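Accompanying notes for the structure given below.
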Amino acid sequence: MNYRHEYHAGNAADVLKHVVLLLLLRRLQQKPAPLTYIETHAGRGRYELRHEAAQKTGEFLRGIARLWDRRGAAELPPALADYLAVVASLNPGDELAVYPGSPRLARAALRPDDRMIVCELHPAEAAALRDEFRGDPQVAVHKRDGYEALSALLPPTPRRGLVLIDPPYERPDEFAAALAGLQLGARKWPQACYALWYPIKGVASSLLHAATLRAGLREVLCVELRTRDDRDPAVMSGSGLLLVDPPWQIDQAIGEVMPTLARLLQDDPDTPASARVEWLVGPR
């Protein structure tokens with residue numbers, strides 16, 4: 001309950017997560033049938049980068065700020081240009097002042113018949129989320145535990161969709177809880193695609209991969225971006241997402257973006273960033 005994403009908004013992990021999130025939504029929308037987007041740990045809709053919290057850590061300077069001046073560049077992959085266009089829509093003019101949280105980014109991509117359900121337990125963040133989408137008929141905001149919501153809200157209508165599980169990883173058992181949530185969702189709403197975000201720190205991500213293989217999930221794609229070396233197990237060296245039952249050829253679409261992200265988001269000049277797009281459980 002203590003985690004506040006305003007200190008980390010727009011960092012390299014956010015950039016990776018949101019580029020992949022937008023790609024998933026665009027791919028799912030290639031079919032005309034409406035979809036439902038669900039987020040378990042939503043935070044707030046937008047973050048002020050001039051706020052004291054963002055300025056204190058400066059993490060956005062090593063994330064979205066490195067891409068901001070390249071918006072409109074001809075050499076950018078289309079998916080990255082699409083992501084930057086959504087960020088720019090909240091920032092009239094040339095100054096990067098606001099960064100969209102996942103709910104605002106997803107809402108920008110929804111079609112008129114699509115629906116969004118977002119959950120947040122932190123009182124202040126939930127209140128900000130309600131204010132962000134007040135009066136929006138396509139968005140339902142729930143102040144509730146995201147894992148409990150997976151049990152209570154699935155399957156939704158429309159029956160196609162995407163679930164983002166994006167916890168803060170403050171709990172000692174968060175990796176296990178996130179994987180359990182992923183398994184629960186896949187059982188209750190097998191028509192959906194699932195995206196589980198996780199930090200890369202120490203051996204926890206490797207243990208998550210091993211547990212995922214034992215879980216019997218189908219079609220699991222691993223996407224990782226490491227922006228610094230991993231010599232210090234107490235410091236994040238990068239982040240990743242596990243995509244369960246993702247849209248067709250999404251591995252190719254993500255693979256086209258990753259070299260550019262690795263080049264622009266490298267955090268250690270002596271250690272090149274590395275990208276990974278690999279099937280843990282291959283498509284049938």
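The values are calculated or read from the model by the stated rules, or taken from the named source; none is laboratory data. Worth saying up front: this structure is predicted, and the values here are computed from it rather than measured. No Cβ is skipped: glycine too gets one built from the backbone with ideal geometry, and neighbour counts run over all protein chains shown. Surface areas here come from the heavy atoms of the whole protein model, side chains and all, with no ligands, DNA or RNA. Shrake-Rupley method; radii C 1.70, N 1.55, O 1.52, S 1.80 Å.
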Residues of the stretch 126-140 being free of Cβ contacts under 8 Å to residues at least 40 places away in the same chain and surrounded by 14 or more Cβ atoms within 10 Å (Cβ to Cβ), in sequence order, are 126, 127, 130, 138, 139, 140
Please verify whether the stretch 109-125 includes one or more residues that are within 25 Å of residue 32 (Cα to Cα) and touching a Lys or Arg at 6+ places or on another chain (Cβ under 8 Å). yes
Residues to consider are 251, 230; find the one that is surrounded by fewer than 21 Cβ atoms within 10 Å (Cβ to Cβ) and at pLDDT 95 or above. 251
Within the stretch 142-150, is there a residue that is touching a Leu at 6+ places or on another chain (Cβ under 9 Å), modelled with pLDDT of 95 or more, open to solvent by 20 Å² or more (accessible area, probe 1.4 Å) and under 21 Å from residue 26 (Cα atoms)? no
Tell me which residues, restricted to the stretch 213-271, are among the basic types (Lys, Arg) and touching a residue at least 60 places away in the same chain (Cβ under 8 Å). 218
Please find, within the stretch 159-180, the residue that is least open to solvent (accessible area, probe 1.4 Å) out of those that are in a loop (DSSP other than H, G, I, E, B) and without any contact (Cβ under 8 Å) to a residue 24 or more places away in the chain. 173
Please find, among 131, 136, the residue that is closer than 27 Å to residue 47 by Cβ, out of contact with any strand residue (DSSP E or B) (no Cβ under 7 Å at 6 or more places or on another chain), at pLDDT 95 or above and in a loop (DSSP other than H, G, I, E, B). 136
Every residue in the stretch 181-198 that is buried (at least 16 other Cβ atoms within 10 Å of the Cβ) and in contact with a strand residue (DSSP E or B) (Cβ under 8 Å, 6 or more places away or on another chain), please. 181, 182, 185, 186, 189, 192, 193, 194, 195, 196, 197, 198
Of all residues in the stretch 61-104, how many are touching a Gly at 6+ places or on another chain (Cβ under 8 Å), of a type in the set (Gly, Ala, Ser) and under 26 Å from residue 36 (Cβ atoms)? 2
I'd like the full set of residues that are more than 12 Å from residue 12 (Cα to Cα) and surrounded by 16 or more Cβ atoms within 10 Å (Cβ to Cβ), limited to the stretch 233-248. 241, 242, 243, 244, 245, 246, 247
